[in-house]
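As structure tokens, the structure follows; a few thoughts come after it.
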Amino acid sequence: MTSTDPRPADRAGDTGSTLVTGIGSLVTNDPEAGSGGPLGLLADAAVVLEAGRIAWVGPAAAAPTGADRVFDAAGRAVLPGFVDSHSHLVFAGDRTAEFNARMSGTAYTAGGIRTTVAATRAATDQALDANVARYVAEALRQGTTVLECKSGYGLTVEDEARALRIAGRHTDETTYLGAHVVAPEYADDPAGYVDLVTGPMLDACAPHARWVDVFCERGAFDGDQARAVLTAGARRGLTPRVHANQLTEGPGVRLAVELGAASADHCTHLSDADVAALADAAGTTVATLLPGAEFSTRAAYPDARRLLDAGATVALSTDCNPGSSFTTSVPFCIAVAVREMGMTPDEALWSATAGGAAALRRTDVGRVAVGARADLVLLDAPSHVHLAYRPGVPLVAGVWSAGRRVV
Ligand code: NIG
Ligand code: FE
């Protein structure tokens, strides 16, 4: 860090403009702005942040003078903030024992979700809010500046609406997942539960959500039930996204594409027809891969290479939840995607930034371009490639969120 590096105590006062200069390697995700294809890489670059937005990007030697403060990156890499388009942070309780059993050979099933449902229902609003705040802060320290958050551990009208109200205090990207699993009270009446999810629960939740999601999977909701949930949500102005083809090949991906969902998430078990459908829908439906889930359930990873070669748009996210993927770390997901899923370091970085933005249908984040939100990550490394090259190392040395230095 240099003498111009704002110390934590100075951050609250970040008003006016900031010149971030001395950037050894800048990922813009603007192919016109630099080399390296989609990443639009600029060497020896600078960025001006003003009023929460990017005001200027270009060679450091040509940077405008007169900024209120100057930060010298001293040759290090700067990237857009990570966009984590899939998480489940409104929960209470702990599933260490389940993870431990899994690592000793027990298979993962959707059933564990009910353990968290019981703990979440029993928790106070304050406890749930504190939990979300804790994990959002943890994610921010690792470079995540936009984070989607789902309900899905309440499964009653009041508990789902409460989860979304709490999530909404921390992010605008809130997702109604009343159809996570059938609530225990409806174990013998799944159709009745779908009626609840598409009726009174939707009425209570729609005002607090932007998206509607469903876990389309054996042991959760079948294709017809998932369609009912997503179309009911869409009628209330919520855009669909789908937990699709995570544990088995099923109808989820094709349903997501058919309904014009923003994303089909997991995509672990895909037929050739699923891959072709995602490729055809590349401008509409993003294939969001969540390697934390396969890591933590000791399952085979999704084949990112197959999706990319077919032409699908791929996002990478954490799926942070207490059961199948208890990580907030996008850098971890990037490293796994590169090592295990056939992605290049460039592709993984794009998917964790611009890909996540596409999955949330956002053009204001996931890139470093004039007018975009001033969300930046500084790495203690000369290149974004180090995120995979140096797995597990805390490389995030600084984060700006809407122009303010927050880490
Ligand atoms: O995305 N797949 C469904 N939901 C979560 C798992 C949640 C849990 O096990 O608690 C997921 O992996
Ligand atoms: Fe999930």
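Of the accessible area of the chain, with the probe set at 1.4 angstrom, what percent is carbon plus sulfur? Result for the chain: 52 percent of the exposed heavy-atom area is carbon or sulfur. Counting every alpha-carbon pair across the range 136-209, the share separated by more than 14 Å comes to 58%. The range 112-183 and the range 190-222 have Cα centres lying 15 Å from one another.
Label zone of A282 (point 7 Å out along Cα→Cβ, amide N under 16 Å): in the range 21-35 this covers 31.
If you take the alpha carbon radius of gyration of the range 247-304 and divide it by 2.2 N^0.38 Å, what ratio comes out, to two decimals? That works out to 1.07 for the range 247-304. Inverting the mean 1/r over all pairs of different Cα atoms, compute the Kirkwood radius of the range 213-297 and quote it in Å. Computed over the range 213-297, the radius equals 12.5 Å.
Considered as an equivalent ellipsoid built on the Cα gyration tensor, the range 247-375 has semi-axes of 21, 19, 13 Å, the largest given first.
In the frame of its principal axes, the range 84-214 has Cα extents of 43, 42, 25 Å, reported largest first. For a modelled paramagnetic label at S35, 7 Å from Cα along Cα-to-Cβ, the residues of the range 52-81 in reach, with backbone nitrogen under 15 Å, are 59. For the range 83-359, the relative contact order works out to 18 percent when only alpha carbon pairs closer than 8 Å and six or more residues apart are counted. Per residue, the chain exposes 37 Å² of accessible surface when a 1.4 Å probe is rolled over the protein heavy atoms with every protein chain present. Derived scalar couplings between HN and Hα for the range 158-174 equal 5, 6, 6, 5, 4, 4, 6, 4, 5, 4, x, 6, 10, 7, 7, 8, 10 Hz in order, rounded to whole Hz, by the Karplus curve 6.51 cos²θ - 1.76 cosθ + 1.60 (θ = phi - 60°), x for Gly and Pro.
The residues packed around L270, meaning those with a beta-carbon under 9 Å from its beta-carbon, carry a net charge of -3 if Lys and Arg are +1 and Asp and Glu are -1. Find the centroid of the Cα atoms in the range 31-89 and in the range 345-389, then give the distance between the two in whole Å. Between the Cα centre of the range 31-89 and that of the range 345-389, the gap is 10 Å. Per-residue extension of 0.36 nm, minus the Cα-Cα distance of E249 and R141, leaves a gain of 35.3 nm for this segment. The smallest convex shape that holds all Cα atoms of the chain, its convex hull, gives 127 Å³ per residue. Between the Cα long axis of helix 223-235 and the first principal axis of the chain there is an angle of about 60°, rounded to the nearest 10. Close amide H pairs (under 5 Å, H built 1.01 Å from N) link T144 with F82, residues at least 5 positions away or on another chain.
Available extension along the chain between D44 and D189 is 46.0 nm, counting 0.36 nm per residue and deducting the alpha carbon span. Here, P(r) means the percent of Cα pairs in each 5 Å bin from 0 to the largest distance; for the range 39-92 it is 4, 13, 23, 21, 13, 7, 7, 6, 4, 1, 0. Working note: Karplus 6.51/-1.76/1.60 with θ = phi - 60° gives the range 66-77 the couplings x, 5, 5, 8, 10, 10, 9, 6, 6, x, 7, 8 Hz, where Gly and Pro are set to x. Of the whole protein surface, M103 contributes about 50 Å² of accessible area at a 1.4 Å probe radius.
The values are calculated or read from the model by the stated rules, or taken from the named source; none is laboratory data. The model shown is predicted, which means the values in this text are computed figures rather than measured ones. Please note: Cβ atoms are built from the backbone with ideal geometry, for glycine as well, and neighbour counts cover all protein chains shown. These accessible areas exclude ligands, DNA and RNA; they are computed on the full protein's heavy atoms, side chains included. Shrake-Rupley method; radii C 1.70, N 1.55, O 1.52, S 1.80 Å.
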